[in-house]
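To start, the structure itself, in structure tokens.
The values are calculated or read from the model by the stated rules, or taken from the named source; none is laboratory data. Note that the coordinates shown come from a computational prediction; the quantities given were computed from them, not determined experimentally. Don't worry about glycine lacking a Cβ; one is built from the backbone with ideal geometry, like all the others, and counts go over all protein chains shown.
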Amino acid sequence: MEIVRLPDTKPRPRHVAVGMFDGVHLGHRRVIDGADSVLTFDPHPVSVVAPAHTPKLLTSLAAKAELIARLGVSELIVIPFDAAFAAHEAQQFIDDILHGTLGAVRVSVGENFRFGKGAKGDTAMLAADERFVTDVHPLLEVNGEIVSSSHIRGLVLAGDVERAARFLGTPFQMRGEVVHGDKRGRELGFPTANLIPDEALVCPGHGVYACLAGGRPAAVNVGVRPTFASGRGELVEAYILDFEEDLYGQELRLDFLHRLRGERRFQSVEQLVEQMRADVEQTRAVITAP
């Protein structure tokens, strides 16, 4: 899939799916289905028009691009969203971007899509334009719940990664560079690959999770390690089962499959180690279950 940033593209007959698509969840996939191009925004528009209300995102631009590429899309077009672009009127967005720059012949959006200065543009405005066909997709419901990025963010923050995965269509994932920690895990017999959460992205609620780390089973702790007065901030520590290679400086992807328990303080190191052994065995059982 080709990734381009406006204005580095030329008009051609395009079927364009338009949206933020944070998380590329099941509802987004319906909007994208059949489109050859996806138009998205970076950074999130709210971070420009109302910075105090900027949401923590489910996916970085790189992760979003990878998920969209899996859907068979040939082109991801990114609009660098800044104050100047936020000042575009809705009709200007249609005339200059969708029709002029992209040459769209079909446009796909979700029913709650808004655009233009003051978010005055809506799906009716798109549908009224006869220069392209507009497909408006209703919000998707799964088990009576609306599938939305904001709802999924809440699930991840609460540690409910299994429900989040049902709405995403794939496990919630984190990515980051493996950094040096306190080496305490190694001393306890459970050496970990440590990631510092990206403050711009959603991080699962504190606790221990069964994950895949680069495709390998891993017991992952998210939190501040309350048993030890380390003084360090939030950290994600992945003990990768049956693995001893050095990953420092490499990017590691974690897929969150199941929350094992909440993070808690232990009265002794021995109690902690006993619980870690149980976490590892439970992780192995979760990963290998049919």
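Could you please find all residues in segment 105-121 being among the hydrophobic types (A, V, I, L, M, F, W, C), surrounded by fewer than 19 Cβ atoms within 10 Å (Cβ to Cβ) and within 26 Å of the chain's Cα centre (by Cα)?
Selection gives ALA119 alone.
Would you mind finding the one in GLY34, GLY27 that is closer than 28 Å to GLU145 by Cβ and under 21 Å from the mean Cα position of the chain (by Cα)?
Only one candidate qualifies: GLY27.
Does ALA17 count as outside the structural domain of ARG253 (by TED's automatic domain parsing) and within 20 Å of THR134 (Cβ to Cβ)?
Yes, satisfied.
Looking only at segment 124-172, count how many residues are of a type in the set (Val, Ile, Thr), over 27 Å from ALA210 (Cα atoms) and touching a Lys or Arg at 6+ places or on another chain (Cβ under 9 Å).
Matching residues across segment 124-172 total 2.
Could you tell me which numbered condition ALA52 fails, if it satisfies all but one of (1) of a type outside the set (S, T, N, Q); (2) farther than 19 Å from ASP122 by Cα; (3) in contact (Cβ under 8 Å) with a residue 60 or more places away in the chain; (4) not in a loop (DSSP other than H, G, I, E, B)?
The one condition ALA52 does not meet is (3).
From the set of residues in segment 100-146 that are aromatic (Phe, Trp, Tyr) and in a loop (DSSP other than H, G, I, E, B), which is nearest to ARG14 (Cα to Cα)?
PHE132
Go through (1) assigned to a strand (DSSP E or B); (2) not assigned by TED's automatic domain parsing to the domain that holds THR54 one by one and return the number of the condition LEU155 breaks.
Of everything listed in (1) assigned to a strand (DSSP E or B); (2) not assigned by TED's automatic domain parsing to the domain that holds THR54, LEU155 misses just condition (1).
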